[in-house]
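Report on the structure given below.
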Amino acid sequence: MNKLFHNHKSIITTIAFSLLLASCKAPMATKIQDRVKETIPQNFENQTASENNSGITPWKQFFTDPNLVNLIDEALKNNQELMITLQQIEIAKSDVMYKNGKLSPTVAARLGAGIEKVGRYTSTGAGDASTDITDGKEVPENLGNFEGGLIANWEVDIWHKLRTEKQAAVAHYLSTVEGKNFVLSSLIAEVADNYYELLSLDNQLDIIHQYMDLQKKALEVAKIQKQAMAATELAVKKFEAELAKSNATEYDLKQQITEKENQINALLGRYPQPIVRTKESFMSIVPQTVYTGIPSQLLANRPDIKQAELELKSAKLDVEAARKEFYPSLEINAALGLEAFKPNYLVKMPESIAYSLVGELAGPLINKSAIQANFKSADARQIQALYEYDKTILSAYLDITNQMSAIKNLDKYYEMKSQEVQALDQGIDIANQLFRNMRADYLEVLMNQRDALDAKMELIEAKERQLSTVVNIYKSLGGGWK
């Protein structure tokens, strides 16, 4: 009989061990290869390889306009988007603390009181009826229970699953820090870009006022010539219409200036107020010379690339942790305290002392669909994170290539527009003189003035595009957050 018992015990142990091994079988994660990072070019297109990189220049050295520096400084203190990002960092930091806490045992204090009556015709009831709780005193029918002590629970990290989860949380936390740096870089660029657009609008408004003065003078000449029978009412109406059109453009520009000021105020986290600026020197601003460095520096300088890289690392660790869910887990439960059916018996020791210690090794056997789905989801997220990382690197490289090409072409464009404006200004003086001497038609005067206005507006916009392109490439190189 004893031999048969041991045989059955051996069979049960073998089956349990076999099932435990079966539960350890886990699917393999998809092996990913980062070809975009591995094949990044040695230098930017049409650029000479150089270690000089404007992206590492602190923003207070890169931007020299004191008014712009003050605006950026205030934005970095009050911008709501930046404040939201800082809270995301705190959330990620708390998640790291939570994951770290799971590595240690959980200990809690417990106090309890209750009463129980079991059925007489049960094994417990029959046993209580035939037992004396003390000499000559039977176990009461309504049996109380009072207890107090400590309980502990600990999942032993035998497969390093919990450590892997913590490492994933740390990588995610570091990615939020890089996300904050990217917000800083973007915020600085956005404030500077809007500031230059505002200066551009100011100068366009000044040009409109100059154009209106010309129109008023031409209108007076047309009226005088009409009285002298040297011009018709049509010429007067044409100049009146052109002056009204310029007035309309003036109000449109004023509205754009108001909206642009408030756009900057929103970035600075404040209510509408005038933006301090000096518009007179706008057209004489010389754009900064930008040095791109080499493409591999982007991996260390651009916060969004570093953020995507850390998210990829976190996703890989999540896959590893999800894979370890298929393995058995070892959990230890312990309790130590005092327990008695009456409160005054709690102090009777060692009789009232109660304790327990249980270790459980359990692994999934049947219906693994939940952990399989979790693993597949984590595996898909790591592939997605790789694509995001590659897309960020590729986008950064192409962005810098486009911006550097734009700088060269805008320099030539600005030079040609300057020559056009100079020639048209001379043409206006000549046309006005001929019109006063009745040797030129009013349409010639009008067309010359319109062409000059358009050219001057385009020249101002070209200057703004030059400055904005420099700002954008500074951001694209990872500038601003250091």
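Looking for something acidic (Asp, Glu) and modelled with pLDDT of 85 or more - is there at least one such residue anywhere in segment 136-153?
Looking through segment 136-153, at least one residue is acidic (Asp, Glu) and modelled with pLDDT of 85 or more.
Restricting attention to segment 75-94, report how many residues are part of a helix (DSSP H, G or I) and surrounded by 18 or more Cβ atoms within 10 Å (Cβ to Cβ). It would help to see each step written out before you state the result.
If we filter segment 75-94 for residues that are part of a helix (DSSP H, G or I), which is where we start, we get 75-78, 80-94.
Within this subset, residues satisfying the condition of being surrounded by 18 or more Cβ atoms within 10 Å (Cβ to Cβ) are 75, 82, 85, 92.
Number of matching residues: 4.
Quick check on this structure: which one of Val191, Val183 is within 30 Å of Met83 (Cα to Cα), open to solvent by 10 Å² or more (accessible area, probe 1.4 Å), of a type in the set (A, V, I, L, M) and not in a loop (DSSP other than H, G, I, E, B)?
Val183
Looking only at segment 288-325, filter to residues that are β-branched (Val, Ile, Thr) and farther than 30 Å from Gln372 by Cα; which one of those is modelled with the highest pLDDT?
Looking at the filtered set, the residue picked out is Ile305.
Among the residues of segment 257-310 satisfying the criterion of being of a type in the set (Asp, Glu) and touching a Leu at 6+ places or on another chain (Cβ under 8 Å), which is least open to solvent (accessible area, probe 1.4 Å)?
Glu261
Could you figure out which of (1) within 30 Å of Lys316 (Cβ to Cβ); (2) in contact (Cβ under 8 Å) with a residue 60 or more places away in the chain isn't true of Phe146?
(1)
Would you please name the residue that is surrounded by the fewest Cβ atoms within 10 Å (Cβ to Cβ), looking only at residues in segment 41-64 that are under 18 Å from Val471 (Cα atoms) and without any contact (Cβ under 8 Å) to a residue 40 or more places away in the chain?
Gln61
Just for segment 322-365: of the residues that are more than 46 Å from the chain's Cα centre (by Cα) and acidic (Asp, Glu), which one is most open to solvent (accessible area, probe 1.4 Å)?
Ranking the qualifying residues of segment 322-365, first place goes to Glu351.
Please list, ordered by first then second residue, the pairs with beta carbon atoms under 9 Å, 6 or more apart or interchain, first in segment 292-310 and more than 12 Å from Gly478 (Cβ to Cβ), second open to solvent by less than 10 Å² (accessible area, probe 1.4 Å) and polar (S, T, N, Q).
Matching pairs, first to second residue: Ala308/Ser175; Glu309/Ser175; Leu310/Ser175.
Of everything in segment 245-256, what is over 17 Å from Ser200 (Cα atoms) and surrounded by fewer than 16 Cβ atoms within 10 Å (Cβ to Cβ)? Give them in sequence order.
Answer for segment 245-256, where residues must be over 17 Å from Ser200 (Cα atoms) and surrounded by fewer than 16 Cβ atoms within 10 Å (Cβ to Cβ): Lys245, Asn247, Ala248.
The values are calculated or read from the model by the stated rules, or taken from the named source; none is laboratory data. Computed from a predicted model, the values in this text were never measured in an experiment. Neighbour counts run over all protein chains shown; Cβ positions are idealised from the backbone, glycine included. SASA here: full protein model, heavy atoms, side chains in, ligands and nucleic acids out. Shrake-Rupley method; radii C 1.70, N 1.55, O 1.52, S 1.80 Å.
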